[in-house]
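The values are calculated or read from the model by the stated rules, or taken from the named source; none is laboratory data. It should be emphasised that the depicted structure is a prediction, and the values quoted were computed from it without experimental measurement. Neighbour counts run over all protein chains shown; Cβ positions are idealised from the backbone, glycine included. These area figures cover heavy atoms from the full protein model, side chains too; ligands, DNA and RNA do not enter into them. Shrake-Rupley method; radii C 1.70, N 1.55, O 1.52, S 1.80 Å.
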Amino acid sequence: MARPPTPLAPPPRPASTAAAPNEALQAWERVQAPLCRMLLDAGIDYPRAAAALRQVFLEQAHRQMLRNGAPDTDSGLSLLSGVHRKEVRQWRQQAPQHAPARAIAPSAQLFARWSSVTAYRDRRHRPKAIPRLGPAPSFEALAREVTQDVHPFTLLQELLRLGLVALETRDGVEYVLPRSEGFVPRGDLQQLLDLFGMNLADHAAAAVSNLAQEAPRLEQSVFADGLSQASMNRLAELARELWAHNRDRMVAEALRCLESDASDREARGRVRFGAYFWNEAHPPEPAPDPRAAAASGPRRRKASPQPPKERL
């Protein structure tokens, strides 16, 4: 007599989210809201976004299978991801759709050193105007400190194109003036999207790692509600000041670490340190209808079942 087939059990979920799948999905939806806005602004509709999400979903499900030591089969991947086996086979046959991570551009490295090395900063610790040519501190010397593979004039042209620097002649000497304290390329949408993707992906990776109860990573924020526009503006300015101070310290230490690790063949790790600030005004509450109030009489105040919001 043939043995009955063993029923297939769904793959185990990570312990951190096993008891709260609905809550996890709600948090994911909240994260997706601004990203959907970005896609809509770029003219990308739902079918195209859903097709791209399916590729990412399969890739992450495949990585989870390998981490858990599960057999790498189409059936297993289909069961874990919920994607049909036919589409799983198609995914395996296709080359990865996402572009590999790009190396940090020499122009970004130059701007980081300009913002952190004492000889290239003013009394307020901001990148200062420097002669274009000559010994350090000059733009030519700074460029050669960053790379020997790209000519200083080529780097200068790139920074001019991005709107990050300007040229000015003083007493017959040509100076390079920074137009920003940070590397924010105004004239290059591709570089802005690269920075957007890398920054947001690493931020999300740190948050997800903490949810999965892996090694703790820094991922904190300060929240305050019930502020005036003037207060939000004041806090926004404070956030920029705090970021500039801590960015300079981190860049300086990162440069020292890179120099000391240059001869270490096993030094293949990467880090990212960032900060963000967001503010918005809640829409005004609709005014009560006086006719409804008169018809219903005085209303009793009800206790809210939700806990009050914590304020700073």
Item to check | Candidate set from region 124-151 (those that are in a strand (DSSP E or B) and of a type outside the set (Val, Ile, Thr)); member that is most open to solvent (accessible area, probe 1.4 Å) | outcome: Pro131
Next on the checklist: Can you find a residue that is among the aromatic types (Phe, Trp, Tyr) and touching a helix residue (DSSP H, G or I) at 6+ places or on another chain (Cβ under 8 Å) anywhere in region 137-153?
Outcome noted: yes
Checklist entry - Looking at (1) within 23 Å of Arg247 (Cβ to Cβ); (2) among the hydroxyl-bearing types (Ser, Thr, Tyr); (3) in a helix (DSSP H, G or I), can you tell me which one Thr154 breaks? => result (1)
Next on the checklist: Pairs needed: first member in region 230-252, free of Cβ contacts under 8 Å to residues at least 60 places away in the same chain; second member anywhere, loosely packed, with under 15 Cβ neighbours inside 10 Å; C-beta distance under 6 Å; at least 6 residues apart or different chains.
Outcome noted: Met232/Asn279; Trp243/Ala275; Met250/Phe273
Checklist outcome for this item: Quick count over region 92-123, residues being loosely packed, with under 13 Cβ neighbours inside 10 Å, modelled with pLDDT of 80 or more and not small (Gly, Ala, Ser), is 6
Checklist outcome for this item: Checked against (1) open to solvent by 100 Å² or more (accessible area, probe 1.4 Å); (2) part of a loop (DSSP other than H, G, I, E, B); (3) modelled with pLDDT of 90 or more, Pro305 satisfies every condition except (3)
Checklist outcome for this item: The residue that is farthest from Tyr276 (Cα to Cα), considering only those in region 216-238 that are open to solvent by 50 Å² or more (accessible area, probe 1.4 Å) and within 20 Å of the chain's Cα centre (by Cα), is Pro216
Item to check | Matching residues in region 208-240 - criterion: being in a loop (DSSP other than H, G, I, E, B), among the small types (Gly, Ala, Ser) and over 20 Å from Ala20 (Cβ atoms) | outcome: Ala215, Ser221, Ala224, Gly226, Ser228
Next on the checklist: For region 41-74, which positions are over 22 Å from the mean Cα position of the chain (by Cα) and open to solvent by 90 Å² or more (accessible area, probe 1.4 Å)?
Outcome noted: Tyr46, Arg48, Leu66, Arg67, Asn68, Pro71
Checklist entry - If you scan region 152-176, which residues turn out to be surrounded by 16 or more Cβ atoms within 10 Å (Cβ to Cβ) and on the phi > 0 side of the Ramachandran plot? => result none
Checklist outcome for this item: Within region 241-281, the residues that are open to solvent by less than 80 Å² (accessible area, probe 1.4 Å), in a loop (DSSP other than H, G, I, E, B) and over 23 Å from Leu200 (Cβ atoms) are Asp261, Asp264, Ala267, Ala281
